[in-house]
Each structure stands twice: as structure tokens, then as C-alpha cells.
Amino acid sequence: MHSNALNAWKLLSSTNFGKEEIIREIDIPAERIEVVYGSIDHSKFLPGVENPYLHDAKIHLITVGDFNPRKRFDIPFDIVSKNSDLELYHKDPVNSWKERASKLMKFVSDYPNIRVLGAVGDEILRKYISNADAIVYIPDAEGLGLPSLEALAY
């Protein structure tokens, strides 16, 4: 990849930090690097001040995404249901996955340490992600995905 970068007419970076790193580490001139900000709206993802989690010595986890089966929310839901030291919050809409959502909602209804927040606004999402101990993201057949990038932005 290094030789490809050296020979490329134009390189793309998703952040200015990445651009600076390319300039510093590979010695590519700045004019050959474009920053493309399509992945994260940084104005939405600043650390939240208000912590929505209880101060209860539990590990607070968050998952983000619709209930598409490839997102595999059944796995963290199952793990957390067996561990009372963990608390899991899930954020996002049902979309067209109503049957899957219904099945998972029925499952989590027996576990007070799993909470489905639904489709919440950016301000609430910011509070949950920026104060979580970890974001859980384990989909099948999906690339990096925005939840991971958004969590890193916090």
C-alpha cells in the first residue's frame, strides 16, 4: 500500500488528523491529500456533559442500529441478560424489521439491565455514547460502520 500511496495522484483522508499523519509519515505533499468529511457530522458528536447512566458501579454498554438480523444484537442482549454487572442500552428505530424487533423486545422485557431507547435525537444519543463504558458493535457482513466512527468521535 505504501508504494500505491506514493504513486497515487490524490489520496483521501476522513480527518485532518489523518491528513497530517500521511504528510508526516509518508511525506506526501498536502496538495495531493483531500479531506472528505462524509462519515461523521462532528457538530453532533461532542462529549456530552450530562451522564444519563446511574452511578451504580455497573458497566454501561450501548448498541446502535436498526434491528436488521445482520447487526446481531441478539448476541450482546443474550450476554448481558446473564450478567447483572452489565447494563446495555440500545438506540435506534425498528425500520422494516418489525418482527425481529418484536422478538428481541419480548426477550429483553425479562431483563431490567437491558433497555431499548428507540429512535432518540442526537442530543440524547450524544449523552449515551459519550458516557458509555463501551459501544458494542458486532455485525455480520458489514464494513466499519458509522456507529464505530461516531463512538470514536466522542
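No value in this document is a laboratory result; all are computed from the given coordinates. Not measured: the values here are computed from a predicted model. Positions of Cβ are backbone-derived with ideal geometry, glycine not excepted, and every protein chain shown enters the neighbour counts.
For this structure, a couple of remarks:
- ASP140 versus ALA57: modelled label distance in nm, points set 7 Å from Cα along the beta carbon direction: 3.9
- For the range 59-153, a Kirkwood radius taken over Cα pairs fed into Stokes-Einstein (37 °C, viscosity 0.692 mPa s) yields D = 245 µm²/s.
- The alpha-carbon of LYS10 sits under 16 angstrom from the alpha-carbons of these lysines, leaving out residues fewer than 8 places away in its chain: LYS19.
- FRET efficiency for ASN95 and ALA8, using Cβ-Cβ distance with R0 set to 30 Å, rounded to 0.05: 0.20
- Simple spin-label estimate for VAL35 and GLU21 gives 1.4 nm between the two label positions (7 Å along the Cα-to-Cβ direction from each Cα).
- Checking the cross-link pairs LYS82/LYS127; LYS82/LYS103; LYS103/LYS127; LYS71/LYS106; LYS58/LYS127 against a 22 Å limit on the alpha carbon distance flags LYS82/LYS127; LYS103/LYS127 as lying beyond it.
- Gain upon complete extension [LEU117, ASP78; 0.36 nm per residue less C-alpha separation]: 12.3 nm
- Segments 22-35, 123-136, 102-115 sorted - mean Cβ within 10 Å per residue, highest first: 123-136, 102-115, 22-35
- Ordering HIS90, HIS55, HIS60 by the number of other Cβ atoms within 10 Å of each residue's own Cβ, fewest first, gives HIS55, HIS60, HIS90.
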